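The values are calculated or read from the model by the stated rules, or taken from the named source; none is laboratory data. Predicted model, so just to flag it, every value in this text is computed and none were measured. Glycine gets a Cβ as well: all are built from the backbone with ideal geometry, and neighbour counts include every protein chain shown. The area values use the complete protein model at the heavy-atom level, side chains included, leaving out ligands, DNA and RNA. Shrake-Rupley method; radii C 1.70, N 1.55, O 1.52, S 1.80 Å.
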Amino acid sequence: MANPAKNTVCLWFDGDAEDAARFYAATFPDSSVGAVHRAPGDYPAGQQGNVLTVEFTVMGIPCIGLNGGPMFKHSEAFSFQVATQDQAETDRYWNAIVGNGGQESDCGWCKDRWGLSWQITPVALIKAFTDPDRVAAKRAFDAMMTMRKIDIATIEAAHRG
């Protein structure tokens with residue numbers, strides 16, 4: 001880490017930070033796995049030689065995965081929001097996360113198998129519910145509230161009325 005990023009997202013894992021980093025790098029564009037650092041000595045959640053931290057990038061965002069043990073879990077208080085351009089991209093990311101041990105949630109949210117939350121958010125949804133026509137925006141918002149994975153055609157139809 002000769003020239004570390006000024007600000008890096010640190011994500012806590014229970015021993016599987018490298019697996020998560022490799023999944024993210026394989027799933028999302030502009031993502032990669034960098035250095036994998038092994039513990040120079042024993043620590044509360046592991047032993048010397050275990051993977052301690054993993055440097056990785058998710059869609060251009062620098063991250064560190066820390067194998068800190070089971071005491072802290074991910075929550076919806078932190079999520080990655082992925083802006084998608086069309087239904088195919090929305091489906092691809094949603095299906096990659098949910099289909100690999102993740103779980104669906106409401107309004108475009110899902111969790112990966114490590115418990116990290118993702119918002120798979122079509123740009124069409126953002127445009128619809130931020131429309132200055134508040135009646136049209138509310139129709140789109142109300143439609144979103146009934147969904148798990150966002151269906152762009154349904155959002156656009158609700159927006160049009």
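So what is the 222 nm mean residue ellipticity for the chain from helices alone, if each DSSP H run of at least 4 adds -39500 (n - 2.57) and you divide by all residues, rounding to the nearest 500 deg cm²/dmol? Numbers along the way, then the final one.
Numbers: 5 runs with 50 residues, N = 161.
So the calculated ellipticity at 222 nm is -9000 deg cm²/dmol.
To test your reading of the geometry: what angle, between 0 and 90 degrees and rounded to tens, separates the Cα axis of helix 87-98 from the longest principal axis of the chain?
Orientation of helix 87-98: about 40 degrees from the principal axis.
Could you give the length gained on full extension between Q87 and K138, defined as 0.36 nm per residue of separation minus the Cα-Cα distance, in nm?
Value of the extension gain: 16.2 nm.
Non-local amide H neighbours of F13 (under 5 Å, H modeled in plane, Pro and chain starts lacking H): which ones?
Residues meeting the criterion, in which the H sits 1.01 Å from N, are L66, N67, G68, G69.
R113's amide H: which non-local residues (gap 5+, or another chain) put their own amide H closer than 5 Å, with H modeled 1.01 Å from N in plane and none for Pro or chain starts?
Close amide H contacts, sequence-distant or interchain: G102.
Any idea what the relative contact order of the range 34-161 is, in percent, if you count C-alpha pairs under 8 Å spaced at least 6 apart? Walk me through the numbers on the way to the answer.
Numbers: 223 pairs, mean separation 23.2, N = 128.
Answer for the range 34-161 is 18 percent.
Against the longest alpha carbon principal axis of the chain, how many degrees, from 0 to 90 and to the nearest 10, is the axis of helix 134-144 turned?
50 degrees
Take the Cα atoms of the chain, build their convex hull, and give its volume per residue in Å³. Provide the component values of the computation, followed by the final result.
Working: hull volume 19.3 nm³, N = 161.
Spread over its residues, the Cα hull of the chain gives 120 Å³ apiece.
Express the C-alpha Rg of the range 1-71 as a ratio against the empirical globular expectation 2.2 N^0.38 Å, rounded to two decimals. Working shown, then result.
Numbers: Rg = 12.0 Å, N = 71, 2.2 N^0.38 = 11.1 Å.
Normalised Cα radius of gyration, the range 1-71: 1.08.
Could you state the accessible area per residue of the range 1-154 in Å², with a 1.4 Å probe and every protein chain left in place?
Numbers: 8310 Å² over 154 residues.
I get 54 Å² per residue for this part.
Show me, for the range 152-158, the HN-Hα J-couplings you get by feeding each phi into the Karplus relation (A = 6.51, B = -1.76, C = 1.60, θ = phi - 60°), rounded to Hz, glycine and proline as x.
4, 4, 5, 4, 5, 5, 5
Can you list the lysines whose alpha carbon sits under 25 Å from that of K149, skipping same-chain ones fewer than 8 residues off?
Within the straight-line limit of under 25 Å, K149 reaches these lysines: K73, K111, K127, K138.
Specify which residue in the list C107, G69, A140 is farthest towards the positive end of the charge dipole of the chain, using unit charges on the beta carbon of Lys, Arg (+1) and Asp, Glu (-1), about the Cα centre.
Checking the options against the dipole of the chain, the answer is A140.
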